[in-house]
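One structure is given here, and the rest of the page talks about it.
The values are calculated or read from the model by the stated rules, or taken from the named source; none is laboratory data. Remember, it's a predicted structure, so these values are computed and weren't measured experimentally. We place every Cβ from the backbone using ideal geometry, glycine too, and count neighbours over all the protein chains shown. With ligands, DNA and RNA removed, areas are computed over all heavy atoms of the protein, side chains included. Shrake-Rupley method; radii C 1.70, N 1.55, O 1.52, S 1.80 Å.
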Amino acid sequence: LLLRWRRRRGLWRKVAEAQQRQERSLVRMETAVQRFREQNPSVNVVSILSLPLPELSKKLRDGSLPLDHVFYSYVGKAIQITTETNCITEYLQESENQLRKVKLTGKQGLLYGVPVSIKDSIDCQGHDSTMGFIKYLNKPAAEDSVVVQVLRRQGAIPFVKTNVPQSLISYDCKNLIFGQTCNPLLYTRTPGGSSGGEGALVGGGGSILGIGTDVGGSLRFPAAFCGICALKPTGNRLRYSMSALFWSLAVAAAVGPLAKDVESLALCMRALLCEDMFNLDSTVPPLPFNEEVYSSTQPLRIGYYETDFFTMPSPAMRRAVRETKQLLEEAGHTLVPFELTNVDYVIFNFCVRGLFSDGGTSFVKKFNGELEKGGSGMFFWLAKSPQWLKTLLSWIAKPFPGWMPKESLNQQPWHGTSTPLTTSTFPPQDFCHQFIAQWKKLNLDVMLCPMLGPALHIGYPGKLSVAVSYTMLYNALDFPAGVVPVTTVTDEDEDELKDYKGYYRDWWDRTLAKAFGGNVGMPVAVQCVALPWQEELCLRFMKEVETL
């Protein structure tokens with residue numbers, strides 16, 4: 001007991017030290033901004049912050065807008081947003097040195113002088129990538145991840161790291177070290193996760209471009225909940241280090257951008273899909289950005305569906321798809337109903353079971369020595385249970401098709417070891433082939449899909465892991481998928497929500513109905529999907545939806 005008490009006391013000390021570092025970091029940001037404003041009192045901050053990224057980038061490159069004016073305008077706004085939402089974990093103070101260096105070299109990449117925020121889990125040299133785990137405190141990265149290196153070579157200036165949920169396996173944004181991040185549009189709502197700090201900062205206007213990751217919707221949830229745009233590319237179109245993650249994933253992890261508009265996402269992809277990316281990581285296919293596809297004006301043949309018949313959409317979600325479909329048809333595009341089947345089978349057998357494909361051994365191991373289990377508490381308890389109990393619970397749960405964990409309960413460890421299975425062990429190949437066959441049979445270019453929304457109340461995502469079905473499907477298939485906000489919740493949507501029952505009419509459906517409530521005025525988005533390696537077509541479709 002004494003040893004346990006001493007160990008826990010040491011962990012709490014590490015947490016306190018990390019929180020103090022965070023506070024000092026924010027003070028340094030504030031000091032830097034104050035000093036700049038005293039030296040440059042005439043800078044029109046509001047005007048700078050109102051510029052969209054393509055226009056801002058153009059002004060920076062042609063010299064009509066000084067780099068330091070833009071940089072400190074965004075540092076100042078970031079301070080305001082993190083004070084309101086607690087989204088920043090660390091200020092990258094070397095960004096001020098990089099700013100001076102960029103000005104001196106004069107080498108102008110596509111993102112010359114653009115301040116960029118980076119998700120906690122993406123390595124920046126000399127800084128922790130904690131993923132909300134205490135064990136990763138005081139273990140700074142030895143080098144920048146590939147995506148950060150490419151950003152710097154394109155002239156971008158990474159200036160802050162942002163908050164995540166513990167383990168990244170959550171679409172809320174809370175951990176024991178840095179606490180809860182709030183939605184900048186309504187502080188009682190979650191910003192989404194796991195790139196929740198990015199969603200809050202970009203959504204609040206404190207960053208013009210953010211870089212996050214997506215394993216089951218981690219880019220798309222924050223974008224949808226905070227009213228911004230995001231793109232999850234095909235898993236290997238861009239690359240960053242996944243060395244800190246717990247297990248080999250049965251779904252494709254992706255790194256991608258978040259921004260206020262689609263054109264900003266396209267500019268970021270143009271910058272990242274360059275020779276530097278292909279040279280730094282030879283596993284990334286050398287496919288530069290296809291401008292012809294993105295700028296095409298040919299009418300599209302678009303598949304669509306309003307529900308996956310697993311998670312019943314909220315009234316606002318359904319309306320968002322219907323209204324977008326109507327606008328697309330009026331603009332001359334062809335809309336074709338797409339029949340979606342077996343989503344529950346894919347989510348259970350390839351996504352959930354894939355995460356626990358070694359019987360949960362590596363999952364449990366990652367939490368050893370932590371003070372709390374965050375939003376993964378139920379999964380942790382199930383994974384740690386003895387095999388006889390998993391078998392019993394799996395048998396008991398069979399009559400309840402909506403209960404997600406049952407499929408991962410009765411998992412035997414691979415050869416009795418803690419070695420996680422590889423991604424290739426659980427590929428949903430048959431489903432993927434069927435899905436693409438139906439896509440080809442209908443001769444589709446892209447797909448219009450629902451996106452979970454509006455933003456849930458804080459604390460609810462941990463109870464509603466079942467609701468990731470709309471996003472995780474495209475991680476399992478490894479299709480590029482983007483999110484575009486198209487409407488807001490109305491009073492009529494709230495009235496219709498009173499009749500929301502769900503497909504299974506169980507505890508999860510009742511809880512989801514509560515989580516959707518009280519969101520009049522909050523943004524609702526749709527998903528735009530394309531076939532693998534067709535990010536440019538996906539962005540072109542997103543742009544069309546955004547414009548309409």
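Observations on the structure shown:
- Candidates Leu53, Leu26 - the one that is open to solvent by 20 Å² or more (accessible area, probe 1.4 Å) and modelled with pLDDT of 95 or more: Leu26
- Selection status of Ala481, touching a Lys or Arg at 6+ places or on another chain (Cβ under 6 Å), modelled with pLDDT of 95 or more and under 30 Å from Glu329 (Cβ atoms): yes
- Tally of residues being within 22 Å of Tyr91 (Cα to Cα) and without any contact (Cβ under 8 Å) to a residue 60 or more places away in the chain across region 47-65: 1
Quick grid of which residues meet (1) in contact (Cβ under 8 Å) with a residue 60 or more places away in the chain; (2) farther than 27 Å from Gln180 by Cα:
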| residue | (1), (2) |
| --- | --- |
| Leu452 | yes, no |
| Ala455 | yes, no |
| Gly459 | yes, no |
| Lys463 | no, no |
| Ala467 | yes, no |
| Met472 | yes, no |
| Leu477 | no, yes |
| Gly482 | yes, no |
| Asp491 | no, yes |
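- So Gly126, is it modelled with pLDDT under 95 and of a type in the set (Gly, Ala, Ser): no
- Per-region count, region 197-213, residues at positive phi and part of a helix (DSSP H, G or I): 0
- Residue match in region 121-144 (condition: in contact (Cβ under 8 Å) with a residue 24 or more places away in the chain, among the polar types (S, T, N, Q) and open to solvent by 20 Å² or more (accessible area, probe 1.4 Å)): yes
- Scope region 43-78; condition closer than 30 Å to Gly132 by Cβ and touching a strand residue (DSSP E or B) at 6+ places or on another chain (Cβ under 8 Å); matching residues: Leu53, Phe71, Tyr74, Val75, Ala78
- Among residues of region 461-479 being assigned to a loop (DSSP other than H, G, I, E, B) and touching a Leu at 6+ places or on another chain (Cβ under 7 Å), the one that is surrounded by the most Cβ atoms within 10 Å (Cβ to Cβ) is Phe479.
- The single condition from (1) of a type in the set (A, V, I, L, M); (2) buried (at least 24 other Cβ atoms within 10 Å of the Cβ); (3) on the phi > 0 side of the Ramachandran plot that Ala156 fails is (3).
- Residues (among the polar types (S, T, N, Q) and assigned to a loop (DSSP other than H, G, I, E, B)) located in region 135-162: Asn138, Ser145, Gln154
- Within region 489-503, if we keep just the residues that are surrounded by 18 or more Cβ atoms within 10 Å (Cβ to Cβ) and of a type outside the set (A, V, I, L, M, F, W, C), the residue that is farthest from Gln326 (Cα to Cα) turns out to be Gly502.
- Glu496 meets all of the listed conditions (1) at pLDDT 95 or above; (2) part of a loop (DSSP other than H, G, I, E, B) but one, namely (2).
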